[in-house]
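Student: Here's a structure for you.
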Amino acid sequence: MRLKYAWLAILSLLITAQGISAIALRFGFGDKYAVGTALDRALKSNDTTVLFLGTSRIKYALDPALFDTAMKATGFHTVSYNLGVPAVSFAEMEYQLHEYFARRQCCVKYVFIESDIVEEASLREPNTVRSILFFDVSNAFNSFTYILHEKEKPPPPISNWTYAKYILTALFRHYTNAGLFQSFIADTHDNFRAQVEQNGYISVAAARGRLSDTLDADASLRQYYDEMLAELSASKSTKHISDGQFARFLDLMDFIKSKGAEPIVLRSSQFVLALPSASLVERIRVSCFDALPVFDFGRPADNKELFDPRNRLNYDHLAVNAAERFTLMVADRFATLLDARKGAAGTQSSCPSRETK
Amino acid sequence: MIFTDWTFFVFFAVVSLVYWDIPSNDWRKIWLLAASCVFYAAWDWRFLGLVLLVIANTYVATRALARKTAERHRRTILAVGIVVSLSVLGFFKYFNFFADTIGSLFGVQRRIIDILLPVGISFYTFHSLSYMIDTYRRKIVPTRDFVDVALYILFFPQLVAGPIVRATDLLPQMRELRSLGGLDARHYLLMFLVGYFKKAVISDNIVRFVDPFFSHPAQYGGGDALLAVLSYTTQIYCDFSGYTDMAIAVAGLLGYQLKPNFAHPYLAANLIDFWRRWHISLSFWLRDYLYFPLGGNRGGPWMQTRNIAITMLLGGLWHGAAWTFVAWGALHGVGLIVCHAWRNWRNPTHREPIGYSLGANLVTFSWVAFAWIFFRATSFADASSVIRCFSDLKLPTLAPWQLALPVAGVLAAMHVVFYRLDLKAIAARGPDSVFALSYGAAVAVILPFINVKVEPFIYFQF
């Protein structure tokens, strides 16, 4: 009998919490929710035909306005939007795409998706607004099942139990709002709504310093950087990601296709956690290169300009001049792809690996 | 395991569901004892043996006191029992303190051994002492049941930070089967929520004005000092009284009644009044087992002054093994001595001028807040830095200065609102379904404001 009242109290708690959450979001408490903010903004742009998804390497480097101008110069009309989110996890990208296509049925023809599929900031920071708002039951389940497949995890390594604990903590907070206001105040994440964006792109023009300054000051760092670049250029290993991860990635590609858009894998000039990206691209190359276009800017030997420390803000981010150059390189490669397709059969064959899986 | 942590909620849900399902009182007590061991072991299982040693000593001493009638033998038994329990406290709590003090006198910097402080040691030692002394004084007939003694000392709601329950209060309750029908669950649930609010919302959030300041007081000015001291005054009250509310509520939900430990202490008119409102179980313990045996106010003003000084210095040392705690005790001792002198000197028939009561409140509050500086500071150098800050008249930098007003407002509201609030009457209103719905909604309103980083209770270190 008394348990009946306990359930009643829990029900009251959950319903009231949802009301509070809705009011809080309406009054701007979601500003630090990068995933939701980016999505809301992207959905306001009605004519988007090209979407870019990825981490900060995309967010701060791919300028849609410049991209569209470059495409126009080659005779193609595009309206692009940068839906990048710093340190976006694979589950967050899945969520972004499912939500985007659920709420906007038309127009997007191409989705560029960055090959970095091992970022997991939201999974390791259960006390942030981003995690509290993201981890509903569905996203928690998707994130955890992906983690179980993940072969190489970002350092420092943590156990699956710890991931489960973090996700459960965020899940509990999602439905009860526990600590939401405190997280909002103390959260060091950026206020994304306050940032100046142009079609989702955030310029790093104001950022000072170059990676070359750091490397010039310490010869051992310079040596480490050069050695890592050599390793990255030589890497052809497919073993840094699991079959499960690859299958999950291909599922997402299939989802994009099912919405009438074409996925294009974009490997940025990634330095940190670069080997899993290299493996993903290598697997695509081995199993379904023709079906799934890959724009690979991640091999230092082929992209010396992008990996030049004088063109980088830090190990992983391009300076503004290199960001512009990167945007033009992507546009050039895209125009070449579209040119090659002119006159060719319009239908795409499905990825062979999906049929033999 | 902290009362505000989700692990405790799971723990308590399991403990209480099983507890109320057990029909036999003996098995219920065994279940509670097992749960208390788990609760304590969650802090550090290695110290469980230490508590069991204190329990065994208490049981053996009280049984021996019950069997012996000769005063000489009884006194010896009591002395041995007290020495054993105090040795545990002395070694684990004060070894480092005395070693450091003696070392500094002789210029020796390095410790021979470094002793870890077992959580709750001051509290369970006092439980043990009061039971042995009350048995010696024949205030209680000691129980033959070892489980009762073990549960009296280990009972998890009051194990790590009190209230310091007397055996005369708790042991009789253990003899009867607690009835779920007679349980005022709504009152205790509401009390738990109030305690949770004080701790998780106020104390854990206000700490952000306290810790940075007391870590480097020399870097701040008068505005920050005022904000930090006022914040700490609020924090320690909400932290400790919040813990006590939750402890009383948890015990109450298991059918055991613990006495209140706080009565709006910052509304006290003087320090004598303050100690009747702050940590009541400790001040009455010190009165009954230290101040009175020393002679109390018998023997004239000088003896009373001496006894107050001894009691408050030892009371300060009980809180923590550091000279700053002794200084805190000394400040309260001086204040109490002045209050007693004032009371003796003043004509009791004299009519107080208008505003006297408010002025007395403010003076008492200021003295208490000032003394907290020594309680919180980790050294005399830090405490003097804090005091020096007040001479530097600067606006706060820790937070916008306007925040000082809400901090003061919170403290005032905690007292005034809860002073007028009759939780028992509020809890009794309306049918159970309405209470359940309101309770759930109230929890939902509180949760967004909590600090997600669960801070340990301040008094756990004592």
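A short reminder: the numbers here are calculations on the coordinates, not readings from a lab. Predicted, not measured: the structure shown is a model, and the values here were computed from it. All Cβ positions, even for glycine, are placed from backbone atoms using ideal geometry, and neighbour counts span all protein chains on display.
Student: May I ask which of A:Lys59/A:Lys304; A:Lys44/A:Lys72; A:Lys72/A:Lys304; B:Lys93/B:Lys199; A:Lys151/A:Lys239; B:Lys29/B:Lys199 have a Cα-Cα span longer than 18 Å here?
Tutor: Details: A:Lys59/A:Lys304 21 Å; A:Lys44/A:Lys72 23 Å; A:Lys72/A:Lys304 27 Å; B:Lys93/B:Lys199 26 Å; A:Lys151/A:Lys239 8 Å; B:Lys29/B:Lys199 29 Å.
A:Lys59/A:Lys304; A:Lys44/A:Lys72; A:Lys72/A:Lys304; B:Lys93/B:Lys199; B:Lys29/B:Lys199, as the Cα separations exceed 18 Å there.
Student: B:Val434 to B:Glu71: extension gain in nm, 0.36 nm per residue of separation minus the Cα-Cα distance?
Tutor: Values: separation 363, 0.36 × 363 = 130.68 nm, distance 5.96 nm.
Stretched fully, the B:Val434-B:Glu71 segment lengthens by 124.7 nm.
Student: While we're here: Which residues in the stretch B:8-31 have a backbone N closer than 16 Å to a point placed 7 Å from the Cα of A:Ala6 along the Cα-to-Cβ line?
Tutor: B:8-22
Student: Using 7 Å Cα-to-Cβ label points, what is the B:Ala381/A:His149 separation (nm, one decimal)?
Tutor: 5.8 nm
Student: On to the next question. Positive end of the dipole of the protein assembly as shown, charges at C-beta (+1 Lys, Arg; -1 Asp, Glu), about the Cα centre: which of A:Ala170, B:Ala167, A:Leu250 has its Cα farthest in that direction?
Tutor: B:Ala167
Student: Related question: Considering every residue in B:431-439, what mean count of other chain Cβ atoms within 10 Å of its Cβ is obtained?
Tutor: For this peptide, the per-residue mean of nearby foreign Cβ atoms is 5.
Student: In the stretch A:84-113, which residues have a backbone nitrogen under 11 Å from the label point lying 7 Å from A:Leu338's Cα in the Cα-to-Cβ direction?
Tutor: Answer for this model: A:109-110.
Student: By count of other Cβ within 10 Å, fewest leading, how are B:Val452, B:Val83 ordered? Write down the numbers at each step before the final one.
Tutor: Values: B:Val452 18, B:Val83 12.
The order, fewest Cβ neighbours first, is B:Val83, B:Val452.
Student: So, with +1 on the Cβ of K and R and -1 on the Cβ of D and E, and no other charges, what is the size of the charge dipole of the protein assembly as shown about its Cα centre, to the nearest 20 debye? List each step's numbers first, then the result.
Tutor: Numbers: 79 positive and 66 negative charges, 659 e Å.
That gives a dipole near 3160 debye.
Student: In whole Å, how far is the Cα centre of the stretch B:291-309 from that of the stretch B:174-221?
Tutor: For the stretch B:291-309 versus the stretch B:174-221, the Cα centre distance is 35 Å.
Student: Can I ask one more? Each label point is 7 Å from the Cα along the Cα-to-Cβ direction; what then is the distance between the points at A:Lys165 and A:Ser258, in nm?
Tutor: Here the modelled spin labels are 3.6 nm apart.
Student: On average, how many beta carbons from a partner chain sit within 10 Å of the beta carbon of a residue in A:10-21?
Tutor: On the way: counts 4, 3, 10, 10, 2, 4, 8, 7, 1, 2, 5, 2.
Shielding by partners across A:10-21 averages 5.
Student: Within 10 Å of each Cβ in peptide B:197-210, how many partner chain Cβ atoms are there on average? Round it to a whole number, please. Spell out each step's value before the answer.
Tutor: Numbers: counts 0, 0, 0, 3, 2, 0, 0, 2, 4, 0, 0, 3, 0, 0.
Counting Cβ atoms of other protein chains within 10 Å of each residue's Cβ and averaging gives 1.
Student: Sort B:95-102, A:83-90 by packing, meaning the average of other beta carbons within 10 Å per residue, with the highest value first. Walk me through the numbers on the way to the answer.
Tutor: Details: B:95-102: 15.2, A:83-90: 25.6.
The densest-packed peptide leads the list: A:83-90, B:95-102.
Student: Another question about this same structure. Using 1/(1 + (r/R0)^6) with R0 = 30 angstrom and r between the beta carbons of B:Arg351 and B:His264, what's the FRET efficiency to the nearest 0.05?
Tutor: Numbers: r = 26 Å, r/R0 = 0.85.
Between B:Arg351 and B:His264 the formula returns 0.70.
Student: OK, next. Could I have the simple spin-label model distance between B:Ser179 and A:Phe27, label points 7 Å from Cα toward Cβ, reported in nm to one decimal?
Tutor: Here the modelled spin labels are 4.8 nm apart.
Student: What's the ranking of A:169-177, A:11-19 by average number of surrounding C-beta atoms within 10 Å, highest first? Working shown, then result.
Tutor: Numbers: A:169-177: 21.9, A:11-19: 17.2.
Listed from highest to lowest mean packing, they are A:169-177, A:11-19.
Student: If you don't mind, another one. If I take R0 = 56 Å and measure r between the Cβ atoms of A:Lys236 and B:Thr397 in this structure, what FRET efficiency does the formula 1/(1 + (r/R0)^6) give, to the nearest 0.05? Walk me through the numbers before you get to the answer.
Tutor: Values: r = 56 Å, r/R0 = 1.00.
Plugging the Cβ-Cβ distance into 1/(1 + (r/R0)^6) gives 0.50.
Student: Which order results if A:Ser122, B:Ser36, A:Ser277 are arranged by neighbouring Cβ count within 10 Å, fewest first?
Tutor: Working: A:Ser122 29, B:Ser36 22, A:Ser277 25.
In order of increasing Cβ crowding within 10 Å: B:Ser36, A:Ser277, A:Ser122.
Student: What whole-number distance in Å separates the alpha-carbon centres of the stretch B:45-123 and the stretch A:77-121?
Tutor: Each part's Cα centre sits 65 Å from the other's.
Student: Of A:Val79, A:Leu14, A:Val35, which is farthest along the charge dipole of the stretch A:1-118 in the positive direction, counting Lys and Arg as +1 and Asp and Glu as -1 at C-beta?
Tutor: Checking the options against the dipole of the stretch A:1-118, the answer is A:Leu14.
Student: Okay, moving on. Hey, how many Å between the Cα centroid of the stretch A:230-249 and the Cα centroid of the stretch B:317-383?
Tutor: If we compute the Cα centre of each part, the gap is 69 Å.
Student: With a ≥ b ≥ c taken as the square roots of the eigenvalues of the C-alpha gyration tensor of the stretch A:275-341, please select rounded if a/c is under 1.5 and otherwise prolate if a/b is larger than b/c or oblate if it is not?
Tutor: Numbers: a/c = 3.03, a/b = 1.40, b/c = 2.17.
Oblate, because a/c is 1.5 or more while a/b does not exceed b/c.
Student: Moving on to the next point. Among all the aspartates and glutamates, which ones have a C-alpha under 17 Å from B:Lys453's C-alpha, if same-chain residues fewer than 8 places away are not counted?
Tutor: Straight-line reach from B:Lys453, under 17 Å: A:Glu125, A:Asp187, B:Asp5, B:Asp204, B:Asp211, B:Asp239.
Student: Another one. Compute the FRET efficiency between A:Glu227 and B:Val108 as 1/(1 + (r/R0)^6), taking r as their Cβ-Cβ distance and R0 = 56 Å, and round to the nearest 0.05.
Tutor: Numbers: r = 51 Å, r/R0 = 0.91.
Once the sixth-power term is evaluated, E becomes 0.65.
Student: Next up: How would A:His149, B:His319 line up from fewest to most surrounding beta-carbon atoms within 10 angstrom? If you can, show how the numbers build up before the last one.
Tutor: Values: A:His149 15, B:His319 19.
Ascending Cβ contact count within 10 Å gives the list A:His149, B:His319.
Student: Sort B:259-266, A:260-267, B:154-161, B:22-29 by the packing proxy (mean of other Cβ within 10 Å over each peptide's residues), most packed first. Mind dumping the intermediate values first?
Tutor: Numbers: B:259-266: 17.5, A:260-267: 20.8, B:154-161: 25.2, B:22-29: 13.8.
For the peptides B:259-266, A:260-267, B:154-161, B:22-29, the packing ranking is B:154-161, A:260-267, B:259-266, B:22-29.
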